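Notes for the one structure printed next.
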Amino acid sequence: MGLTVLVVGSGGREHSLVWKIAQSPLVDKIFAAPGNPGMAKNAELVPIPVDEISRVVDFAVKQKVDLTVVGPEMPLAAGITDDLVKHGLLVCGPSRAAAQLEGSKVFTKNILAKYGIPTADFRVFDSYDDAEQYILTHRLPVVIKADGLAAGKGVCVAETYEEAVEFLRNVMEKRIFGDAGERVVVEECLTGEEASYIVFTDGEKIVPLPSSQDHKRIGDGDTGPNTGGMGAYSPAPVLTPEIEQKVVREIYEPLLAGMRAEGMPFRGILYGGLMIEGGVPKVLEFNVRFGDPEAQPLFMRLSSDIVPLLVQCAQGKLTDARMEIDPRPTVCIVMASGGYPGSYQKGFPISGIEDAEGLGDVVVFHAGTATRDGKLVNSGGRVLGVTAAGDTIRKAIELGYRAVEKIRWEGAYYRTDIGKRALQREGG
Ligand code: AMP
Ligand code: GLY
């Protein structure tokens, strides 16, 4: 009998997880809670929202699920792993305590400082007045972060004092992110180029995925408001083998040792958001899960079975896990509903996905899609992750955009410059 796997989540990241897990000869059955229409080919969809943790746990127990893989941060920060483990179930994801690496920026900065891990200089405040006073003496730009989870909107890189104070007021006084704004981190602004470094870890050993790079802003040229991520590519040439070694030695090894010393070993997927300047990597943030959209181009390059890695992380012993990586670069272009990250209209029929995939070396991952009257429609901000592989990054980008052009719905929006930085680095 093969394994039964439950994937928790409904975005492009979770679709790519289901797609990759379905390729494993070890797996018989996949459930996705709540999943999306794109996953229905490979998984049975279970209509339980990710924030109803006790229902997800009950389902996993009842179905005797062999492995649960949690996509988004919210259930991890709320302790879904602890709950599943209590029932004797295997789950690839950190405990509630270890998930503080994403759930609390104050926790993370204090751990980084305690274990001498390079990051921006910072101060923590729990009083609005003290924070404001400090900000007004800080040089610009200044970075302000709400302590808790804020759906990717809790960070402000302020160019002016007005902007800084307005954000601080929204976070600490108006509490636009609720309790997440009880405390703030105020830190220096780092410059350089960002990269994502995502590893499987059992708490001690790491098996890294290749580097990748996200595009957080809505507009071409990294303009406009932040989003969940408008596209990604892998590898990120900024992360050279020499810098990668530094990242492992100076960041991941001491961090994991620190978490063990604190009595909260980190098992699962650890995603470092890094800033690299002059060959020096520093930590911007940690996430305790795969990136979205980074997972999509990464899993397309992962040619070996993902399931042993997930199982061994869950068991806390990455022993014989290995990873084979397709050397070809991959690119994921996110297609979003017009208006995102602001308000947008839902329910427009989507066409052209089969034509796009018909190009070959293209996979279209679903995020905010739904089925209405038998038709596929847009139902969320980020709708599709069009992912393509090529012999060079340029070829992957060209193929990805050819695929995007085959897909239509009213108001569809995408950035036209995904992967441009990688091209520039390669002198292309
Ligand atoms: P975070 O949610 O912590 O990843 O922050 C979101 C984004 O804000 C990051 O991807 C960076 O682009 C930016 N950011 C966060 N911290 C800093 C910093 N200290 N200096 C410059 N940019 C930052
Ligand atoms: N792509 C950014 C994130 O997953 O947080």
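Each row is one residue, and each column tells you yes or no for (1) of a type in the set (S, T, Y); (2) in contact with a helix residue (DSSP H, G or I) (Cβ under 7 Å, 6 or more places away or on another chain); (3) at pLDDT below 95; (4) more than 24 Å from F122 (Cα to Cα).
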position: V171; (1), (2), (3), (4): no, yes, no, no
position: R175; (1), (2), (3), (4): no, yes, no, no
position: G181; (1), (2), (3), (4): no, yes, no, no
position: D202; (1), (2), (3), (4): no, yes, no, yes
position: L209; (1), (2), (3), (4): no, yes, no, yes
position: N226; (1), (2), (3), (4): no, no, yes, no
position: A257; (1), (2), (3), (4): no, no, no, no
Suppose the filter is modelled with pLDDT under 95 and open to solvent by 30 Å² or more (accessible area, probe 1.4 Å); does R328 pass it? no
V288 meets each of (1) hydrophobic (A, V, I, L, M, F, W, C); (2) within 16 Å of ligand 1 (Cβ to nearest atom); (3) open to solvent by 10 Å² or more (accessible area, probe 1.4 Å) with one exception, condition (3)
Filter the range 367-394 down to the residues that are more than 21 Å from the chain's Cα centre (by Cα) and without any contact (Cβ under 8 Å) to a residue 40 or more places away in the chain, then identify the one that is least open to solvent (accessible area, probe 1.4 Å). V377
I need the full set of residues from the range 140-157 which are more than 15 Å from S104 (Cβ to Cβ) and at pLDDT 95 or above, in order please. L140, P141, V142, V143, I144
Those residues that are under 18 Å from M275 (Cα atoms), among the polar types (S, T, N, Q), open to solvent by less than 50 Å² (accessible area, probe 1.4 Å) and not in a loop (DSSP other than H, G, I, E, B), I need them from the range 197-236; list them, please. S212, Q213, S234
Would you tally the residues in the range 1-37 being small (G, A, S), touching a Phe, Trp or Tyr at 6+ places or on another chain (Cβ under 8 Å) and open to solvent by 10 Å² or more (accessible area, probe 1.4 Å)? 0
Got a sec? Which of M275, M259 is in contact (Cβ under 8 Å) with a residue 24 or more places away in the chain, closer than 30 Å to S10 by Cα and over 18 Å from the mean Cα position of the chain (by Cα)? M259
Name the helices (runs of 4 or more DSSP H) wholly inside the range 93-190 in which the number of residues that are touching a Gly at 6+ places or on another chain (Cβ under 6 Å) and not aromatic (F, W, Y) is 1 or more. 105-114
Which of (1) open to solvent by less than 10 Å² (accessible area, probe 1.4 Å); (2) more than 10 Å from ligand 2 (Cβ to nearest atom); (3) of a type in the set (A, V, I, L, M, F, W, C) is the odd one out, the single condition M275 does not satisfy? (1)
V185 being within 16 Å of ligand 2 (Cβ to nearest atom) and closer than 26 Å to N110 by Cα: no
Report whether or not A146 is under 22 Å from the mean Cα position of the chain (by Cα), within 12 Å of ligand 1 (Cβ to nearest atom) and under 30 Å from G419 (Cα atoms). yes
Please pick out the residue among D202, D214, D222 that is in contact (Cβ under 8 Å) with a residue 40 or more places away in the chain and either among the polar types (S, T, N, Q) or within 16 Å of ligand 2 (Cβ to nearest atom) (or both). D214
Checking V311, V364 in turn, the sole residue that is in contact (Cβ under 8 Å) with a residue 24 or more places away in the chain, in a strand (DSSP E or B) and either in contact with a Leu (Cβ under 7 Å, 6 or more places away or on another chain) or crowded, with 22+ Cβ neighbours inside 10 Å (or both) turns out to be V364
Among I243, I206, I218, which is β-branched (V, I, T), more than 13 Å from the chain's Cα centre (by Cα) and within 16 Å of ligand 1 (Cβ to nearest atom)? I218
Only one of M335, M323, M300 is in a loop (DSSP other than H, G, I, E, B) and either within 28 Å of K216 (Cβ to Cβ) or within 22 Å of the chain's Cα centre (by Cα) (or both), namely M323
Only one of these is in a strand (DSSP E or B), among the β-branched types (V, I, T) and within 16 Å of ligand 1 (Cβ to nearest atom): I276, I251. Name it. I276
Condition first: part of a strand (DSSP E or B) and either farther than 22 Å from V186 by Cα or over 16 Å from the mean Cα position of the chain (by Cα) (or both). Now tell me which residues in the range 279-297 satisfy that. V280, P281, K282
Give D83, D58, D66 a once-over and let me know the one that is in contact with a strand residue (DSSP E or B) (Cβ under 6 Å, 6 or more places away or on another chain) and within 27 Å of M39 (Cα to Cα). D66
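The values are calculated or read from the model by the stated rules, or taken from the named source; none is laboratory data. A quick note: this is a predicted structure, and the numbers were derived from the prediction, not measured. Please note: Cβ atoms are built from the backbone with ideal geometry, for glycine as well, and neighbour counts cover all protein chains shown. With ligands, DNA and RNA removed, areas are computed over all heavy atoms of the protein, side chains included. Shrake-Rupley method; radii C 1.70, N 1.55, O 1.52, S 1.80 Å.
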